[in-house]
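Taking it in order: structure first as structure tokens, then the write-up.
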Amino acid sequence: MPSIADQLSAVLGDAFASLELPRELGRVTPSRQNPEIFPFQCNGAMPAAKLAKTNPRELASRLLERLHGLPQIGAAEIAGPGFINLRPADHLYAERAAEIAADERAGAPVTGAPKTVMIDFGGPNVAKPMHVGHLRSSVLGDSLQRLFRFRGDTVVSDIHLGDWGLQMGHLITELREEQPDLVYFDADYQGDYPSEPPVTIEDLARLYPQASAKAKADPARLEISRTATAELQAGRAGYRALLRHFIDVSVAALKRDFAALGVHFDLWKGESDVDPLIPGLVEDFKKRGVAEQSDGAWVVRVAREDDKKELAPLILVTSGGASLYGTTDLATILDRKQSVGPDLTLYVVDLAQSDHFEQVFRAAEKAGLAAEGALEHVKFGTVNGKDGKRLRTRDGGTFRLADLISSAIERADERLKEVGLAADVGAEEHDRVARMVGLAAIKFADLQNYRTTNYVFDLDRFTSFEGKTGPYLLYAAVRVKSLMRRADEAGVKPGKIVIEAQEERDLLLALDAFGAALDQAIENRAPNAICDHAFTLAQAFSKFYAACPVLVAEDDAVKASRLALAQATLKQLELSLDLLGLEAPERM
Ligand code: ARG
């Protein structure tokens, strides 16, 4: 059964169609004015009247006539210039409630046309610590993969490690300076390389900044790193063996970090994995005239006449013979086409890379690697400090993701102590709860904004148990869980739902809106609609719980009905939290 809103939309759509007007104009939305009497409205009569060149109120009254006596309609009236206010029939509430309660998806529809969706997110760079920009990509990308999977698409997510650029040359050069005798640097060496890595993750974390600082200060040193990068890319065996070690060491550490964040990837591929595809791709681009020669380099011209600002050509191969970021992205598109065959690929990457993706997408389309519209840059904005500028550490450096997460968990721990939560669950469980609260705080704060909005990183606000925050939502779920436990102890079982009180109606309508929130989140590639939904649901539950006592209700049928409504709410709230990558503890 569709949602109440969709059932009303269908009925209204029929009414419009019967007057030879577009069915879509019958779309019904929740009403803000007087929702207690008329929870829904349809605004289609105004545009319809324009089409039919008649008066909107008069058209609305003709539509109303068609609604008369229909089983879905409780009441309908015309307001203002031609708004149609609607109240669903009472039986719709009870039917929908029974359905949501019985459905393991809590009323969420499944897509009728499942697709294969590739999601490219995370994008950490080997050896460079992850920063706050990578947080947004990870949190947003993870929520998107959950959303698409939940509605029934096949999702393949790929971390797309940055493991092919200059940073690798930096690492090689710096390591060579520290340990010149390592066998990897002996160009004449013919044997097998050791399987033990010559570096730890701590070494990498130290070597990269050292090298990059030296290269900044000294152009000659930068040139050495460049040469090392080119030799690596050209296949120098010792350097390839080192690259493998660097990647393995980094990936082991990244796997721990992402597991701690609760973020999962299907594929742990990197830029270097598609290197074998590059020569063939370049040849093919040249042969078909997709790539042109320009000052010794090979480029793909992607500018279009109607462009507002000039888009530079994509550099496929530099005059020095190196491949660049755009080259590996194109080769990755080819690789994915051959191995996954996605209908849609989403790149969850910083807005600052907009031009890069525009170049890559146009070049891919030009070469026939992807259909128009099949590659999409899901852009996001910056995380700022309280000064409104990009978040920086006190000494002006970039914020490491790991530090950010641990400070959120620490702040969550203090908060729990301040408000006396998770106080008598044991030290170990307390730490687990603090972790969940801390992660929920930063994830929710990130996701609740529309993705292109910049936001200010404010742990005090994010970790508050009041207001629209992750911790508030976890606490809301924990409250219902505790109610369910107490009901169980008292032997109360959920039963047939009867909707009587206004608060029950409101709660049911909040539950009814889940599918619409999902649609919106998917359509915009932005989970903020789910954040809004979870918050509205938690608030509606809280009002319901205050007005409609469950375990102390006088009548057993009433107890059972209210408990069933609470159970359905918990199920949908937990599904919503899961879509955001949040997890609620049993107690707190
Ligand atoms: N490694 C890149 C960075 O840190 C992000 C990679 C994004 N994905 C892609 N296919 N280019 O900026």
What are the residues in the stretch 303-322 that are outside any loop (DSSP other than H, G, I, E, B) and open to solvent by 20 Å² or more (accessible area, probe 1.4 Å), if any?
-> 315, 317
For the subset of the stretch 323-366 comprising residues that are near the ligand (Cβ under 9 Å from one of its atoms) and acidic (Asp, Glu), which member is most open to solvent (accessible area, probe 1.4 Å)?
-> 350
How many residues are touching a helix residue (DSSP H, G or I) at 6+ places or on another chain (Cβ under 8 Å), surrounded by fewer than 19 Cβ atoms within 10 Å (Cβ to Cβ) and not in a helix (DSSP H, G or I) when one looks only at the stretch 253-289?
-> 3
Every residue from the stretch 486-529 that is open to solvent by 20 Å² or more (accessible area, probe 1.4 Å), under 16 Å from residue 101 (Cα atoms) and part of a helix (DSSP H, G or I) | 505, 506, 509
Spot the failing condition for residue 113; the list is (1) more than 19 Å from residue 24 (Cβ to Cβ); (2) in a loop (DSSP other than H, G, I, E, B); (3) of a type in the set (A, V, I, L, M), and only one is missed.
-> (1)
Verdict on residue 193 being surrounded by 16 or more Cβ atoms within 10 Å (Cβ to Cβ), among the aromatic types (Phe, Trp, Tyr) and assigned to a loop (DSSP other than H, G, I, E, B) | yes
Give just the number: which of (1) among the aliphatic types (A, V, I, L, M); (2) open to solvent by 10 Å² or more (accessible area, probe 1.4 Å); (3) closer than 30 Å to residue 33 by Cβ does residue 552 not satisfy?
-> (3)
Within the stretch 22-38, is there a residue that is closer than 30 Å to residue 102 by Cα, open to solvent by 60 Å² or more (accessible area, probe 1.4 Å) and of a type in the set (Gly, Ala, Ser)?
-> no
Residues of the stretch 379-427 being among the acidic types (Asp, Glu), outside any helix (DSSP H, G or I) and under 20 Å from residue 437 (Cα atoms), which ones?
-> 424
Residue satisfying all of: in the stretch 290-302; in contact with a Lys or Arg (Cβ under 8 Å, 6 or more places away or on another chain) and in a loop (DSSP other than H, G, I, E, B); nearest to the ligand (Cβ to nearest atom) among these = 302
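Matching residues to (1) closer than 24 Å to residue 137 by Cα; (2) among the small types (Gly, Ala, Ser):
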| site | (1), (2) |
| --- | --- |
| 208 | yes, no |
| 221 | no, no |
| 247 | yes, no |
| 253 | yes, yes |
| 264 | yes, no |
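Conditions (1) crowded, with 17+ Cβ neighbours inside 10 Å; (2) touching a helix residue (DSSP H, G or I) at 6+ places or on another chain (Cβ under 6 Å); (3) in a loop (DSSP other than H, G, I, E, B), marked per residue:
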site: 11; (1), (2), (3): yes, no, no
site: 15; (1), (2), (3): yes, yes, no
site: 20; (1), (2), (3): no, no, yes
site: 50; (1), (2), (3): no, no, no
site: 65; (1), (2), (3): no, no, no
site: 77; (1), (2), (3): no, no, no
site: 87; (1), (2), (3): yes, no, no
site: 91; (1), (2), (3): no, no, no
How do the pairs read when you match residues in the stretch 119-140 that are outside any loop (DSSP other than H, G, I, E, B) with residues anywhere that are within 9 Å of the ligand (Cβ to nearest atom) and small (Gly, Ala, Ser), using Cβ under 6 Å and keeping only pairs 6 or more apart or on different chains?
-> 125/162; 137/122; 137/123; 138/122
Is there any pair with a first residue in the stretch 346-363 that is free of Cβ contacts under 8 Å to residues at least 60 places away in the same chain and a second that is more than 11 Å from the ligand (Cβ to nearest atom) and polar (S, T, N, Q) whose Cβ atoms are under 9 Å apart and which are 6 or more apart or on different chains, and what are they?
-> 352/382
Could you run through the stretch 127-143 and say how many residues are more than 9 Å from the ligand (Cβ to nearest atom), open to solvent by less than 10 Å² (accessible area, probe 1.4 Å), of a type outside the set (D, E, K, R) and touching a strand residue (DSSP E or B) at 6+ places or on another chain (Cβ under 6 Å)?
-> 2
Just one listed residue, out of 282, 290, is closer than 28 Å to residue 159 by Cα and out of contact with any Gly (no Cβ under 6 Å at 6 or more places or on another chain), and it is 282
Report, by residue number, each residue of the stretch 563-580 that is buried (at least 17 other Cβ atoms within 10 Å of the Cβ) and farther than 12 Å from residue 480 by Cα.
-> 575, 576, 577, 579, 580
Spot the failing condition for residue 124; the list is (1) within 12 Å of the ligand (Cβ to nearest atom); (2) at positive phi, and only one is missed.
-> (2)
Subset of the stretch 146-172 [buried (at least 23 other Cβ atoms within 10 Å of the Cβ), away from the ligand (no atom under 16 Å from the Cβ) and without any contact (Cβ under 8 Å) to a residue 60 or more places away in the chain] | none
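The values are calculated or read from the model by the stated rules, or taken from the named source; none is laboratory data. Remember, it's a predicted structure, so these values are computed and weren't measured experimentally. A quick note on method: Cβ atoms are made from the backbone with ideal geometry, for glycine too, and the neighbour counts reach across all protein chains shown. Note: areas computed on protein heavy atoms with side chains; ligands, DNA, RNA excluded. Shrake-Rupley method; radii C 1.70, N 1.55, O 1.52, S 1.80 Å.
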